[in-house]
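We did not get these values from a lab; they are worked out from the coordinates using the rules stated. Just so it is clear, the model here is predicted, and its values are computed rather than measured. Glycine also receives a Cβ, built like all others from the backbone with ideal geometry; neighbour counts cover every protein chain displayed.
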Amino acid sequence: MRKAKSSKTAASRRASRKKSGGVPKAAKASRKKSGAATTSLAVREGEAAPDFRLPSNEGREISLSDYRGKKVVLYFYPKDFTPGCTKEACSFRDGMSEIQAKGAVVLGVSADTPEVHQKFSSTHGLSFPLLSDTKKEVLQRYGVWQKKSLYGRTFMGIVRSTVIIDEHGIIQKIFPRVSVDGHLDEVLSAL
């Protein structure tokens, strides 16, 4: 009888693994929590953040080094006027007083043009610069320009990610593959 029970348990575990892609649920949950299952970026915590100079929605070029002495919340997002990107931008807008109280500024980066950024910013009352990387050079240097898939189709795109940079230009915290809900709280905790 004992053998039948263990055989049934083993069969149950195999069926569970088959459903979850070969990885037990507990291991999957553990990896998800620790971030091990997420796609890594080209930058690492503790390293100097790659400097850049990009045009902004404000009609001027902005360098990361312009913000030395302040913490920077550098967030990369796929596209202006999409639901997730709008929700993320508005959450940073709504949390701006808390972010500033921690001595930080916010910079958003996508491949949209400065003109599209300007419309997006004015439509949603954003109070921080949106930077345009149409050549995708900064996106590639930070490693957020990656292969993605949607509905069985693969393509290159921006993986929603946030990098927090300290006053000295050192990467303090990386959030790869950001989930918009609750992200502002994660950022505030890291600051």
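Against the numbered list (1) assigned to a loop (DSSP other than H, G, I, E, B); (2) touching a strand residue (DSSP E or B) at 6+ places or on another chain (Cβ under 8 Å); (3) of a type in the set (A, V, I, L, M, F, W, C), Val105 comes up short only at (1). Filtering segment 135-185 to residues that are of a type in the set (Val, Ile, Thr) and either farther than 18 Å from Ser63 by Cβ or surrounded by fewer than 20 Cβ atoms within 10 Å (Cβ to Cβ) (or both) leaves Val144, Thr154, Ile158, Val159, Thr162, Ile170, Ile174, Val178, Val180.
The residues of segment 93-117 that are hydrophobic (A, V, I, L, M, F, W, C) and under 21 Å from Ala49 (Cα atoms), listed by number, are Ile99, Ala104, Val105, Val106, Leu107, Val109, Ala111.
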